[in-house]
Amino acid sequence: MKLKFTKIILMLAVAGMVSACSDKNEKSPDKMVRTGIQRIMTEDNQFNFSGSYQLEFIIQNNENKSPSEITEPTIASEVSASEAFVSEEYDDDTSELTEYDDDTSELTEYHRKQRDLYNKSIGQFLEQFGKSFSVPFTGAVDMKKGVMEVIPEVRYEDKNVLISFKFPTYLDFNNLSLYLDGSAITHLSDIMPDNKMVVGDKYMQFAVPQDKAQHLPVADLLKSLPKSVDDCYASIDPSAFKKVNVDEFGKTLEAKYQVNLNTDYASSLKCNTVTLQSLSKALKETAAKADQNNKYKPEDYAMLENIIDGLASIYSDSNNALADTPMGAHMKQLKNQSNLIVVVNFYFDSKGRIIGIRIKTDDIPMAITGREEPKGTIRIDYKFRMDYTGSPKFTMQPTPQNSINMGSRLGWY
């Protein structure tokens, strides 16, 4: 009887394990992603990370021109000095005829070909630069303590050359401060003539003034963040999430599952808007529930709401302060880019935790940067991997003694 009872217990235990594994595997792809992100923000929120950011430029060739037409433009031998001189005099006296009118003179053809040669050279430079330039990074997150660190490395590497700058950065949500180790630059700037602000080996602190920071309910904002981010992903069509076989990058992570999110720039901006609007709504609700004993006053919540609403207006179709600026024009272009695909790959371990993310963009027209020439596209490849240690390692330990408050030093406040 005792043996049968033991067998029953074992069978139930095995059945429970199989059921648990089955539940993880049978989750819809969108639920896998949403659950994984919530775990990062609420449970598994102490980890180290690493990754890289890479740009690739694909420049269009001048298909309608032979190489000789591009590399050997018309020169002065084909347009005599006297003809050029007469042409210049004529242009000075005649406002209706310009040297850049493609239908007028041989001299104009020379300038057009020079321009094509210049644009081709710029294109070749960008292609080579993209192959050699990257931004690898490492960092740590400890949301239970309210701190985060990221160490980006601006890197250029090619044959016989290696240029590298690191800028360790530390963000402390407790005192609303950003600390930067700028020694890659300050070791030189400190010894420049007439330099009146020597930084030395200290961190540079950029902080919200304490008289304002004490009136910002950031803690309440952070509490609302997980739900607001989930609202963002919930606003995406579930069919955009697809469970696929683990790719090569996922295999390097030893991932068990992979989910791809296929979206576009316009939808991404909409998702950002949903997050910010959800945060603003949460702040309003928290303010309405606050009693007289609350640390923050209604005007404190209103001040933070205005900041969040201002950011939301940039991403949404609402009028905003940047509407008539280059940044505003750029955002307006992005809002209309529903044909530019962004693929976000999420990689999971056997526990259902997200252990890596890779974001790859479709070909982005270079015109979106504001440059009409050279014609071409840009691709972005962003890789991010997490290491759940439970006790993340930080390289920076800012204190009042090893930091310089740049705001007060520069007279900002």
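The values are calculated or read from the model by the stated rules, or taken from the named source; none is laboratory data. Small disclaimer: the values here were computed from a predicted structure and weren't measured. No Cβ is skipped: glycine too gets one built from the backbone with ideal geometry, and neighbour counts run over all protein chains shown.
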Given the conditions (1) aliphatic (A, V, I, L, M); (2) surrounded by fewer than 18 Cβ atoms within 10 Å (Cβ to Cβ); (3) part of a strand (DSSP E or B), and given that residue 117 satisfies all but one, which numbered condition is not satisfied? (3)
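State yes or no: is residue 283 touching a helix residue (DSSP H, G or I) at 6+ places or on another chain (Cβ under 6 Å) and at pLDDT below 80?
Working: touching a helix residue (DSSP H, G or I) at 6+ places or on another chain (Cβ under 6 Å): yes; at pLDDT below 80: no.
So residue 283 does not fit the description; no.
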Cβ contacts < 6 Å: first residue free of Cβ contacts under 8 Å to residues at least 60 places away in the same chain and among the hydroxyl-bearing types (Ser, Thr, Tyr), restricted to the range 140-159; second residue surrounded by fewer than 18 Cβ atoms within 10 Å (Cβ to Cβ) and not in a strand (DSSP E or B), any location; separation 6+ or different chain. Result? 156/132
Helices (runs of 4 or more DSSP H) completely within the range 203-292 that count 2 or more residues being within 30 Å of residue 358 (Cα to Cα) and under 22 Å from the mean Cα position of the chain (by Cα): 218-234, 248-253, 265-289
Of the residues in the range 160-189, how many are within 19 Å of residue 398 (Cβ to Cβ) and part of a loop (DSSP other than H, G, I, E, B)? 8
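Residues checked against (1) under 22 Å from residue 384 (Cβ atoms); (2) among the basic types (Lys, Arg); (3) at pLDDT 90 or above:
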position: 207; (1), (2), (3): no, no, yes
position: 212; (1), (2), (3): no, yes, no
position: 218; (1), (2), (3): no, no, yes
position: 228; (1), (2), (3): yes, no, yes
position: 238; (1), (2), (3): no, no, yes
position: 246; (1), (2), (3): yes, no, yes
position: 254; (1), (2), (3): yes, no, yes
position: 257; (1), (2), (3): yes, no, yes
position: 260; (1), (2), (3): yes, no, yes
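Going by what's in this entry, would residue 153 be described as more than 19 Å from residue 378 (Cβ to Cβ) and acidic (Asp, Glu)?
Details: more than 19 Å from residue 378 (Cβ to Cβ): yes; acidic (Asp, Glu): yes.
Considered against the rule, which asks whether it is more than 19 Å from residue 378 (Cβ to Cβ) and acidic (Asp, Glu), residue 153 comes out as yes.
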Might you check whether a residue that is under 24 Å from the mean Cα position of the chain (by Cα) and polar (S, T, N, Q) occurs anywhere in the range 138-158? yes
Return the pair list, or none, for Cβ contacts closer than 8 Å from residues in the range 326-354 that are at negative phi and at pLDDT below 95 to residues that are of a type in the set (Phe, Trp, Tyr) and in a helix (DSSP H, G or I), at least 6 apart or on different chains. 331/315; 334/265; 335/265; 337/265; 338/265; 340/265; 342/265
